[in-house]
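Here's the structure, in structure tokens; my notes come after.
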Amino acid sequence: MIIEEIMKTEVVTLSPTDSISDAMQLMETKNIRHIPVTNEHRQLVGIVTLSDIRDAAPSIFRANEHIEDLQKPVESIMKKDVITGHPLDFVEETAAVFYEHKISCIPITNDKKLVGIVTETDLLRTLVELTGAHQPGSQIEVRVPNLAGKLSDITGIIKNRKANILSVLVYPDKKDDQFKILVIRVQTMNPIILIEDLKKAGHQVLWPNLPGVSL
């Protein structure tokens, strides 16, 4: 999946000369926490976040002091060194950028112009959709040797029962790198027969560990 499929294209923006007060009002009315700052050519020049606004605004205990600070332009507080993405970037790689840099949004640019924005909420929603967790079904975790063909073996057993696979995730076994864990979400509310088939085929089912279901 690419970023273009999940990014918001109707992006609220500010110009560098807009005031901090303008930014505060936009965030409140639009219920957002990040506003890209663009020039007259819609080229990205910075970004203002809710934390930037909080740092610049007077303390609530001194709300009537230094009111003039809120009339300063947003370019005085915006971050100028902005991490950006491209519409054709992969969602997984963009998620890694979020994690590595501990950021909560990425403006998306194309030919230097702002075309969208992706937030941590967008990524979380996409993760839920990719894993099929928003659909009724059952999750089965199987520990298999880290060898070619094991995923095919598992999906073949599921196919024989005519069960529909909603999603498949693979991650390494932290206890032994010679194994990996397959997390398969199937469209059935009763996975007992599938678990029996998997165990009869010699596979180690980690979840669900149902009583009475054994080799």
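Where a number appears in this text, it was derived from the coordinates with a stated rule and is not lab data. Computed from a predicted model, the values in this text were never measured in an experiment. Using ideal geometry, Cβ is built from the backbone for each residue, glycine included, and neighbour counts are taken over all protein chains shown.
With the simple model of a label 7 Å out from the Cα in the direction of the Cβ, residue 5 to residue 33 spans 2.6 nm.
Could you order the peptides 40-48, 196-204 from most to least packed, using the average number of other C-beta atoms within 10 Å per residue?
40-48, 196-204
Modelled this way, with points 7 Å down the Cα-to-C-beta line, the labels at residue 201 and residue 110 are 4.2 nm from one another. With a Förster radius of 22 Å applied to the C-beta separation of residue 100 and residue 76, the computed FRET efficiency comes to 0.20. At an R0 of 45 angstrom, the distance between the Cβ atoms of residue 54 and residue 183 translates into a FRET efficiency of 0.70. Fewest-first ordering of 100, 75 by other beta carbons within 10 Å of each residue's beta carbon gives 100, 75. Note down the net charge around residue 198, summing +1 for each Lys or Arg and -1 for each Asp or Glu among other residues with Cβ under 13 Å from its Cβ. So the surrounding residues net to +2.
Summing Cβ point charges (Lys, Arg +1; Asp, Glu -1) relative to the Cα centre of the chain gives a dipole of roughly 1040 debye. Multiplying the residue separation of residue 155 and residue 92 by 0.36 nm and subtracting their alpha-carbon distance yields 20.3 nm. Quick one: which of 174/199; 79/112; 8/174; 8/150; 80/174; 30/80 span more than 28 angstrom between C-alpha atoms? Those over the limit are 8/174; 8/150; 80/174.
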